[in-house]
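Okay, structure first, notes after.
What follows draws every value from the coordinates through simple rules; no lab data is involved. Computed from a prediction, not measured in an experiment: that's the story for all the values here. With ideal geometry, Cβ positions are generated from the backbone for all residues, glycine too; neighbour counts draw on all protein chains shown.
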Amino acid sequence: MKELIIRSLTGAIIVLSIVGSILYDKYIFALLFLIITVFGTYEFYKMLDKTRYRAQIVFGTTIAGILYSIMALIALGHLNALYLSLVVVLFFIIPIRELYRDSKCPIANISLTIFGILYVSLTFGMLNLLFYHGYKGEETFHFILAFFIVIWASDTFAYLTGVSIGKHKLFKRISPKKSWEGLFGGLVAAVAVGYIFSTLYSDLSAISWMAYAFVISIAGVYGDLIQSMFKRSLSLKDSGKILPGHGGILDRFDGIFVAAPVAIAYIMLFS
């Protein structure tokens, strides 16, 4: 019971923080996810502690913060996209620094450092683009608010459905607890959220809103499975311990890592 209370309290704080920042100010949202990006990237590198690989933790986390900040400022209209070339220059410093580390796995270390930056900060940075209406460039909070509510509703109902009637394993090798029944339960909840948004906002048609929710839900499942694959390969239960009752940043936001770029592509193509 105590664990459930702690988990629920942590979840409520996360939800209120994200929804509050979306509704109050996109700059607050950008700052919130800058903090999440820094902690999330550091957490990704720390997952490798018990392996023979040694990512450039401090430098990689710093670049992740810079990349996120540049992407957020581009989305907010304060920087030109050409500023991303600065990050490319920083990427090439990573192999130069590896020359001085006398490591037996330089290629793996470099690859993991770069992947950690892209996996976390690139994805979180892209979230800021969801404050805009695709190619029209009109400012809105509908798409990003729907994005998070779909992710949360899908996760919650997938869990509830899986626990109550789940029998057929979805991906036993990677995540034994996930079931096909849970997947469909999550999809139904996601599509329902999409329909509700269609009655509130006319940015998209009802079918398009439901399709938006559907693809986010599917992509979120893959994000979850990918994170489970990482943890299983490293023999870890959680990616970290920073969020009481939830584990780490990557545990709590795993679905976003695939869902965010998919959501942006959908809005760009169909809005």
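Total lysine pairs in the chain at Cα distances under 14 Å, for residues eight or more apart or on different chains: 11.
Value of Rg to Rh for region 2-270, rounded to two decimals, is 0.98; Kirkwood radius and Rg both from alpha-carbon coordinates. Put a plus charge on the Cβ of each Lys and Arg, a minus charge on the Cβ of each Asp and Glu, and nothing anywhere else: the dipole of the chain about its Cα centre is then about 1120 debye. Please report how far the C-alpha centroid of region 215-256 lies from that of region 1-78, rounded to the nearest whole angstrom. Result: 13 Å between the Cα centres. Along region 227-242 the Karplus relation, 6.51 cos²θ - 1.76 cosθ + 1.60 evaluated at θ = phi - 60°, assigns HN-Hα couplings of 5, 5, 4, 4, 5, 5, 5, 9, 6, 10, 7, 10, 6, x, 9, 6 Hz to successive residues, with x for each Gly and Pro.
Scanning the chain for trypsin sites (Lys or Arg not before Pro) that sit in a DSSP loop and have at most 16 other Cβ atoms within 10 Å, the longest stretch containing none of them is 174-236. Projecting the Cα atoms of Gly245, Asn109, Leu82 onto the charge dipole of the chain (Cβ charges, centred on the Cα centre) puts Asn109 farthest toward the positive pole. Based on DSSP H segments of at least four residues, each scored -39500 (n - 2.57), the chain has a per-residue ellipticity at 222 nm of -23000 deg cm²/dmol.
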